[in-house]
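The values are calculated or read from the model by the stated rules, or taken from the named source; none is laboratory data. Note that this is a predicted model, so its numbers are computed, not measured. So basically every Cβ, Gly included, is an ideal-geometry build from the backbone, and we count neighbours across all protein chains shown. We work out accessible area using only protein heavy atoms, side chains counted, and drop any ligands, DNA or RNA first. Shrake-Rupley method; radii C 1.70, N 1.55, O 1.52, S 1.80 Å.
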Amino acid sequence: MADAKLMIPWIKKWEGGWANDPDDNGGCTMSGITIGTYQHYYGSDKTCEDLQYLTDDEWLYMFKRGYWDRFKADYIENQSIAQLCVQMGWGSGPVTAIKRIQQCLGCKADGIVGPKTLAALNGDNKEEIFNRLWTMRKEWLIRISKIGNNKKYLKGWLRRLDSIKFEP
């Protein structure tokens, strides 16, 4: 089974610290946590200034509850598949990512990881499942890079995706 602790260093490597790019639809972020996510968990009165002082415990709580657990990743048998799925949710929102994953795997796209989605993620040919999801994500990133000012992010998005490799 996949382990959230193995994904944390990967996210921390890519996310860095504070960012407030006016072209980023997510708004200000700290270690990859957007202001919207922070407000969802800690109150709508929280500001970008508050977010700058995000604690490790707050970060871990939001990562685990809002992303890892939403994908029921503890029940995904392959770490590479779990990390790819959670990364999609981390980068594009969990519900959107779950629906895209479900569509890619031929499941009902309801945005909720249930027994049928888990069964599809845990299918017999894990490398094939990983490759299908990886290719879908790459095509998705290329497509969304053509919206607004997203083109400037594409190279970084693809580098991040390329760093996720299948391991049995």
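Enter the angle in degrees (range 0 to 90, nearest 10) between the Cα long axis of helix 94-105 and the first principal axis of the Cα atoms of the chain, meaning the one along which they spread out most. Around 20 degrees separate the two axes. Computed about the Cα centre, the dipole magnitude for the chain is approximately 700 debye when only Lys and Arg (+1) and Asp and Glu (-1) carry charge, each at its Cβ.
Taking 0.36 nm per residue of sequence separation and subtracting the Cα-Cα distance, how much length would be gained by fully extending the chain between Glu77 and Val95, in nm to one decimal? Don't jump to the answer; show the numbers that get you there.
Numbers: separation 18, 0.36 × 18 = 6.48 nm, distance 2.09 nm.
Fully extending the segment from Glu77 to Val95 adds 4.4 nm.
What part of the accessible area of segment 58-168, given as a whole %, is carbon or sulfur when the probe is 1.4 angstrom? All intermediate terms of the calculation are to be shown ahead of the outcome.
Numbers: 2980 of 5730 Å².
Carbon and sulfur atoms account for 52 percent of the accessible area of segment 58-168.
No disulfide-compatible partner, judged by a Cβ distance under 4.7 Å, exists for the following cysteines of the chain: Cys85, Cys104, Cys107.
Tell me, Kirkwood radius of the chain from alpha-carbon pair distances, in Å? Write out the running numbers ahead of the final one.
Working: mean 1/r = 0.0609 Å⁻¹.
Computed over Cα pairs of the chain, the Kirkwood hydrodynamic radius comes out at 16.4 Å.
Largest accessible area first, the listed residues Met30, Met1, Met7 line up as Met1, Met30, Met7 when surface is computed with a 1.4 Å probe on the assembled protein chains.
Note on segment 1-85: with charges restricted to the Cβ of Lys and Arg (+1) and Asp and Glu (-1), its dipole about the Cα centre is near 300 debye. Rolling a 1.4 Å probe across all protein chains gives Cys85 an accessible area of roughly 0 Å².
Note on segment 70-144: Rg/Rh from C-alpha atoms, Kirkwood Rh, equals 0.91.
Placing unit charges on each Cβ (+1 for Lys and Arg, -1 for Asp and Glu) gives the chain a dipole about its Cα centre, and among Asn78, Asn25, Ile129 the Cα reaching farthest toward its positive end belongs to Ile129.
State, as an integer percentage, the relative contact order of segment 12-97 based on alpha-carbon contacts under 8 Å between residues 6 or more apart. Intermediate values should be presented prior to the final figure.
Working: 73 pairs, mean separation 13.9, N = 86.
Rounded, it is 16 percent for segment 12-97.
Close amide-amide hydrogen proximity is noted between Thr34 and no other residue 5 or more places distant or on a separate chain, at a cut-off under 5 Å (H modeled in the peptide plane; Pro and chain starts excluded).
Could you give the size of the charge dipole of segment 84-168 about its Cα centre, using +1 on the Cβ of each K and R and -1 on the Cβ of each D and E, expressed in debye and rounded to the nearest 20? Write out the running numbers ahead of the final one.
Values: 16 positive and 7 negative charges, 108 e Å.
So the dipole magnitude of segment 84-168 works out to roughly 520 debye.
With angles folded into 0 to 90 degrees, how steeply does helix 126-144 sit against the dominant principal axis of the chain? Use alpha carbons for both and round to 10. Long axis of 126-144 versus the principal axis of the chain: about 40 degrees.
Is the shape of segment 1-72 rounded, prolate or oblate, going by the alpha carbon gyration tensor and its root eigenvalues a ≥ b ≥ c, with a/c under 1.5 for rounded and a/b larger than b/c for prolate?
Numbers: a/c = 1.95, a/b = 1.50, b/c = 1.29.
Because a/c hits 1.5 or more and a/b exceeds b/c, segment 1-72 counts as prolate.
Heavy-atom accessible surface of segment 1-153, averaged per residue, reaches 53 Å², computed with a 1.4 Å probe.
Out of segment 70-168, which GluC sites (Glu not before Pro) are coil in DSSP terms and have no more than 16 other C-beta atoms within 10 Å? Could the numbers behind the result be given before it?
On the way: sites: Glu77, Glu127, Glu128, Glu139; in loops: Glu77.
Answer in residue order: Glu77.
In the structure shown, do any of Lys108/Lys152; Lys12/Lys126; Lys12/Lys116; Lys12/Lys155; Lys126/Lys165 have a Cα-Cα gap over 22 Å, and if so which? Show your work: numbers first, answer last.
Numbers: Lys108/Lys152 33 Å; Lys12/Lys126 26 Å; Lys12/Lys116 31 Å; Lys12/Lys155 19 Å; Lys126/Lys165 12 Å.
Over 22 Å Cα-Cα: Lys108/Lys152; Lys12/Lys126; Lys12/Lys116.
Ellipticity at 222 nm from helices only: DSSP H runs of n ≥ 4 in the chain, each -39500 (n - 2.57), divided by the residue count, give -16500 deg cm²/dmol. Placing one equal scatterer on every Cα of segment 113-168 and applying the Debye formula, the log10 ratio I(q)/I(0) at q = 0.16, 0.26 Å⁻¹ is -0.60, -0.99. Toward the positive end of the charge dipole of segment 55-165, with +1 on the Cβ of Lys and Arg and -1 on the Cβ of Asp and Glu, the farthest Cα among Tyr67, Ile147, Gly93 is that of Ile147.
Any chance you could give the angle, 0 to 90 degrees and rounded to 10, that helix 4-15 forms with the longest Cα principal axis of the chain? Result, in degrees: 50.
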